[in-house]
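Just below is one structure, and these are the notes that go with it.
The values are calculated or read from the model by the stated rules, or taken from the named source; none is laboratory data. Values in this document were obtained by computation on a predicted structure and should not be read as measured data. Positions of Cβ are generated from backbone atoms using ideal geometry, with glycine treated the same way; all protein chains shown enter the neighbour counts.
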Amino acid sequence: MKLEKLMKERNADLINAWFTSLIETYPANTSAFLKNQKDPFANPVGNAFRQGFKVIIDQIVEGIDHQSAVSALDPIVRIRAVQGFLPSQAVSFVFSIKKIIRQIFSKEIRENHLEDELTTIEMRIDELSLIAFNIYMECREKVFQLKANEVRDRTFKALRRAGLVCDLEQVESDLTEHN
Amino acid sequence: MTDDLKPHELIANIQPRPPQTGWMNTPAVIRKGMFCYASNPKSVEILKLPNARGWNPLEEDWKLPKNWKEIVFEGLRQRLDRFRTFKLFMDICVRCGACADKCHFFIGTGDPKNMPVLRAELLRSVYRKDFTAAGKIFGTLAGARELTLDVLKEWWYYFFQCTECRRCSVFCPYGIDTAEITIMAREIFNLLGLNIDWIATPIANCYRTGNHLGIQPHAFKDMIDFFIDDIEEKIGIRVEPNINKKGADILFITPSGDVFADPGTYTAMGYLVLFHYLKEKYGLDVTWSTYASEGGNFGFFTSHETMKRLNAKMYAEAKRLGVKWILGGECGHMWRVIHQYMGTMNGPADFLEEPVSPITGTKFDNAKSTKMVHIAEFTADLIKHGKLDLDPSRNDNLIVTFHDSCNTSRGMGLLEEPRYVIKNVCKNFYEMPSNTIREQTFCCGSGSGLNAGENMDLRMIGGFPRANAVKYVHEKHGVNMLACICAIDRAVLPVSMDYWVPGVNVTGIHEMVANALNLPGQPKRTKNLRGEPLPGMEGDDE
């Protein structure tokens, strides 16, 4: 497919444009830091975005392998899920690659009638967005589960150790099963 | 996050663009998941701290005293006079930005007001306006601004998004300690009754029972008894610790968190096993105390006076029991209080001896003033002199990395001793990248009293830089155990690992010491302190 070939050729441009559109959702000082600090341990957020995008672009071009897509999207969504964004904001970056592809290849798409190919590409992006939504929900559920576990551990375990309740192990295993 | 958006508002918000206004003109939005609940007024009353009342950070009216501005200015003035460092830190910052991207909360949240320079500037701008000539005359041109209710709320939100870890200060060319600015800001909040409950209630407990959890002496003893049974069940040796023993050689004080919460409990059991060994082999007499039953000191996150009140029990109990010196457990901020403040704050402890290990003869010169030795140093010295009979193969199932706790690494320079201990009790050890350990260690994200449940989003994103480095060694070397020497780390890092790096557990170093230690008269060891089969014993039901 022609569009896929074009996208492969301009892979770096796509990643850069996508990265830029994502870091623009942060204040100016922050986006400069996310962009310029290349050390993956000094700038783990920017690094996670860049590394993830490299894999995801390949998925968009070559077709979605569910497991690989989850592995690539997870570090990005996991960060966005605890940065205080609305759910829609947290995963909106997936959709922004549609606009970027249309902008970068507008001439080629028009002149070579690549609309059908574009539709295929965009359907892959839609699939990615649904995967991102799943990950987002999993992360939020995890945060609430962690909160609940802390409360449970603090009270139940302390009471059990202090010998103030009986049959607690049964209660705990029931709770674990229900989780 | 904003609730109850209309559809058109939602669409407008899907592609967020951050505010384009300058920081002074961008008021803070207090978001759920990022702040801790307000203090329970009863706890504030117990401590006789001012302006106890119920209030809610999400409500418009914080029920402040009418003269709150006056209280803030007077509080600032007193602290500028009293603390030379604070005055200096207010004046000398040139806003070079070296600290800006070094804070785990900035790196994680991406919120510029979490840049240490800007967080300090939130307070410094008000200082300029009212305490400097340039600020009074030139106002905003000189970086000065009026103190308003929005400014106060902004202070509260962001100074409770600083864990006082001091990573930023490592990079400051002037050595400005932003943690001290946070400490001062929190003191001022306490003048207004604006503490958080995760700090206020533990200190109220500690003031009455000696520990943050409010464990009374009999319950504390019950916990130790529970550990004794547990240790016997797992390793076949019944330890006989001393509690409140007058005339013991050494008083041992450790954070109460380790007595009640996993995996700290295994560290506490580790201490009991080590002391049993030292008693059997060398006749060393160590005692626990049910009164000095807390090493941690959340008073440190409240005010200097509160810190002093909670710390006083350490020397008082050492005097009552007539010990020679004090040994302290694996804790973080406890050691900053001891190392930096205790000697002059509640000392001099001239009734204690300068600490010397009765087993090796090593003189702990660094503890000459405080008379209190960190157990990592004590154990490292025992190992160095060949005084512990160790079988590290019992920890062969562990691939370990070490998280330097902020306060022990940056606050007292304890870098090599814990590593020396770890390398002698287990064979598989890998360091995290150099810009994430030792003096440059990343905070767990939940220190300085921010390890509550309601601020879980903040804890997770603040803990991300640390977790990211753990993830790296987990993927590269198969690391499955994160060792640390801090009770708050042991409480919060398992949660952080669960979110960011599943498959990595957390341990204190004395849990590993106890598992490796060969005890006199021990039966065949088949389980570790967690009750898990030892390597090679997986099929053994014994």
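Data table
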read-out	value
Single unsatisfied condition, A:Ile104 versus (1) under 14 Å from the mean Cα position of the chain (by Cα); (2) more than 9 Å from chain B (Cβ to nearest Cβ)	(1)
Qualifying residues in segment B:116-151 (those that are within 14 Å of chain A (Cβ to nearest Cβ) and in contact with a Ser or Thr (Cβ under 9 Å, 6 or more places away or on another chain)) - the one nearest to B:Leu64 (Cα to Cα)	B:Arg119
Subset of segment B:493-505 [among the aliphatic types (A, V, I, L, M) and crowded, with 24+ Cβ neighbours inside 10 Å]	B:Leu493, B:Val495
Hits in segment A:49-74 (condition: within 14 Å of chain B (Cβ to nearest Cβ) and within 21 Å of A:Arg10 (Cα to Cα))	A:Phe49, A:Arg50, A:Gln51, A:Gly52
Candidate set: segment A:35-47, residues that are crowded, with 21+ Cβ neighbours inside 10 Å and part of a helix (DSSP H, G or I); chosen: the one nearest to the other protein chains (Cβ to nearest Cβ)	A:Pro44
Pairs, first more than 14 Å from chain A (Cβ to nearest Cβ) in segment B:498-510, second buried (at least 22 other Cβ atoms within 10 Å of the Cβ) and among the basic types (Lys, Arg), C-beta under 7 Å, six or more apart	B:Gly508/B:Arg490
Residues satisfying the stated conditions in segment A:127-163, i.e. at pLDDT 95 or above and hydrophobic (A, V, I, L, M, F, W, C)	A:Leu128, A:Leu130, A:Ile131, A:Ala132, A:Phe133, A:Ile135, A:Met137, A:Cys139, A:Val143, A:Phe144, A:Leu146
Identity of the residue in segment B:492-535, small (Gly, Ala, Ser) and touching a Pro at 6+ places or on another chain (Cβ under 9 Å), that ends up farthest from B:Asp396 (Cα to Cα)	B:Gly508
Residue among B:Cys172, B:Cys168, B:Cys206 that is of a type in the set (A, V, I, L, M, F, W, C) and under 22 Å from B:Tyr37 (Cα atoms)	B:Cys206
Count of residues meeting criterion [more than 19 Å from A:Gln83 (Cβ to Cβ), aliphatic (A, V, I, L, M) and not in a loop (DSSP other than H, G, I, E, B)] in segment B:65-124	11
Contacts under 7 angstrom Cβ, first residue in segment B:518-541 being modelled with pLDDT under 95, partner part of a strand (DSSP E or B), 6 or more apart	B:Asp540/B:Pro533
Selection from segment B:96-123 of residues that are closer than 16 Å to B:Gly22 by Cα and basic (Lys, Arg)	B:Lys113, B:Arg119
Complete set of residues in segment A:21-47 that are farther than 18 Å from B:Asn114 by Cβ and among the aliphatic types (A, V, I, L, M)	A:Leu22
Every residue from segment B:384-409 that is farther than 10 Å from B:Ala516 by Cβ and buried (at least 19 other Cβ atoms within 10 Å of the Cβ)	B:Leu398, B:Ile399, B:Val400, B:Thr401, B:Phe402, B:His403, B:Asp404, B:Ser405, B:Cys406, B:Asn407, B:Thr408, B:Ser409
Given (1) in contact with a helix residue (DSSP H, G or I) (Cβ under 8 Å, 6 or more places away or on another chain); (2) closer than 23 Å to A:Asn134 by Cβ, index of the condition A:Gln67 fails	(1)
Qualifying residue in segment B:212-222 (condition: assigned by TED's automatic domain parsing to the domain that holds B:Tyr291, surrounded by fewer than 18 Cβ atoms within 10 Å (Cβ to Cβ) and within 22 Å of the chain's Cα centre (by Cα))	yes
Matching residues, segment A:75-84, being in contact (Cβ under 8 Å) with a residue 60 or more places away in the chain and within 12 Å of another protein chain (Cβ to nearest Cβ)	A:Arg78, A:Ala81, A:Val82
Tally, over segment A:1-23, of residues that are surrounded by 14 or more Cβ atoms within 10 Å (Cβ to Cβ), of a type in the set (A, V, I, L, M, F, W, C) and farther than 11 Å from A:Ile97 by Cβ	3
Qualifying residues in segment B:36-60 (those that are touching a strand residue (DSSP E or B) at 6+ places or on another chain (Cβ under 8 Å) and part of a loop (DSSP other than H, G, I, E, B)) - the one nearest to B:Lys153 (Cα to Cα)	B:Pro57
Matching strands (runs of 3 or more DSSP E) fully within segment B:272-376 where at least 2 residues are aliphatic (A, V, I, L, M)	B:325-328, B:372-374
Residues of segment B:21-35 that turn out to be part of a helix (DSSP H, G or I) and either within 19 Å of B:Cys206 (Cβ to Cβ) or modelled with pLDDT of 95 or more (or both), as a count	0
